[in-house]
Amino acid sequence: MNALEWIIIGSCGGAIGAWLRTVVRDECVGQGIASWQAILAVNLVGSALAGWGSTVVQTEWQRAFFLAGALGGFTTFSGLCVETVAQWQAGRRSTAAVITMSTMIGGPLAASAAAALSAFPPLAVTALIPSTTALRGRRMSHHGGGLFFIALGGALGSAMRLGSDAFTRANELAPTIPTATVNICGAALAGFVAQWLVASDRRGQPRHAALARLRLERFLLMGFAGGLTTMSAVSLEVSDAFKRSPGEALMIAAINITCGLMAAALGWLLARRLSMRYVGVERQP
């Protein structure tokens, strides 16, 4: 399989994974589950599926579509960082710590454990069923309405991630470099967009219309940033590295989460600063 085929097949899987993640997250929120809890569950389940898939998936196109594409788009490193920064900004420091530690420790553990459990896929599907039982009538219409924006963003983000992966393999670079790079860049973008979309004008009204804000959130946050970043790949890399050296595994995890959180926080603060500046300009006579 050449690089172009790898990117095309993987981006198709990424589009599906990004949409499925959004469905699960929205259904969880609709049932009273906090958004950060839904993202945490998605990342842990996706990491476990990636661990299992790494032992059973054989062909290149299956790896491109399922592992690199669908699970890369289903899990989200940018979502992890944005949820953590949001909790920190709200003063819920312990929750922020729980999100970070549970994901960065639980993800690799889930991947390692699932690789040894042949019965994992049915268990994973069973765990996802409660969050999707409300897909009826209006709610299915709600998810379907954003399908285009989520899928397009997820496909484009996944294509960029897979392109960086193909470049790395072609130039025989360390495989952990592209994952960390896209995760950090995607976290910065997600932090900026998440704050910019809730910006207000001088009258305290939302700067963006509700429909435009929803579409931008679907395309940029849920789709593009979610497809660009991936937690499942980080979990696999940390799990594999731990077999060679615990220090190497710790370094990979630390680089991703430390730089990712810093990037998301900087993007968040930049959006807030720009928003305040524009409000100031509006107030001038």
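Laboratory data are not the source of any read-out in this text; all were calculated from the coordinates shown. Worth saying up front: this structure is predicted, and the values here are computed from it rather than measured. Cβ: placed from backbone, ideal geometry, glycine included. Neighbour counts: every protein chain shown.
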For this session: Could you please report the charge total around Phe65, scoring K, R as +1 and D, E as -1 over all other residues with beta-carbon less than 15 angstrom from its beta-carbon?
Result: -1
Seminar exercise, completed: Taking every other residue with Cβ under 12 Å from the Cβ of Gln89 and scoring Lys and Arg +1, Asp and Glu -1, one gets +2
